[in-house]
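The block underneath contains the structure these notes are about, expressed in structure tokens.
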Amino acid sequence: MKNNIEIYELRKLNHWKLLLAIMADWGLIILCLVTVGITQSFYFYIPAIFIIGNRQHALALLAHDGAHHLTLSSRFWGDLLSGVLFFWPIGLSVRGWRKFHFDHHKYTGTFKDPEL
């Protein structure tokens with residue numbers, strides 16, 4: 001019973017947390033790009049690479065949640081949001097990644113698992 005309660009809590013949608021996460025991730029990426037563009041300094045390039053990579057990973061985690069319909073109550077709007085803000089910038093589609101990822105869930109730990 002405890003596991004079901006924990007899963008229910010993890011699956012609760014919190015639109016404010018999602019909005020804050022999106023704004024923070026994209027805000028830091030844009031700030032890094034602008035800073036490097038303005039300063040043209042090598043000393044900003046290295047930290048910017050790490051910060052942008054870290055925030056891209058955070059967006060990939062939100063993309064994963066979007067593929068599982070855990071971002072918005074509406075599947076249409078959730079897919080649109082996930083596509084535009086998380087998947088498209090890295091050259092993927094929600095539908096294509098969802099198919100690949102759900103095959104992973106279907107075959108987890110077997111030789112058919114596409115993520116192994």
Task: Acute angle (nearest 10 degrees) that the helix 15-39 long axis makes with the longest principal axis of the chain, alpha-carbon atoms - done: 30
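Once you sort the root eigenvalues of the Cα gyration tensor of region 60-116 as a ≥ b ≥ c, which label holds: rounded (a/c under 1.5), prolate (a/b larger than b/c) or oblate (the other case)?
On the way: a/c = 2.72, a/b = 1.82, b/c = 1.49.
Prolate shape, in that a/c is at least 1.5 and a/b is the bigger ratio.
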Task: Which label in [x] 16.0; [y] 17.4; [z] 16.8 gives the computed Kirkwood radius over Cα pairs in Å - done: [x]
Open item on the list: Cut-off under 20 Å on the C-alpha distance; same-chain residues fewer than 8 positions from residue 17 excluded. Which aspartates and glutamates are left, in chain and number order?
Closed with: 6, 9, 25, 65, 79
Task: Label-point separation, residue 108 to residue 51 (7 Å along Cα→Cβ), nm - done: 3.6
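Rule-based calculations on the coordinates, nothing more; no lab input. Fair warning: this is a prediction, and the values are worked out from it, not measured in the lab. Methodologically, a virtual Cβ is constructed for each residue, glycine included, from the backbone with ideal geometry; neighbour enumeration extends over all protein chains shown.
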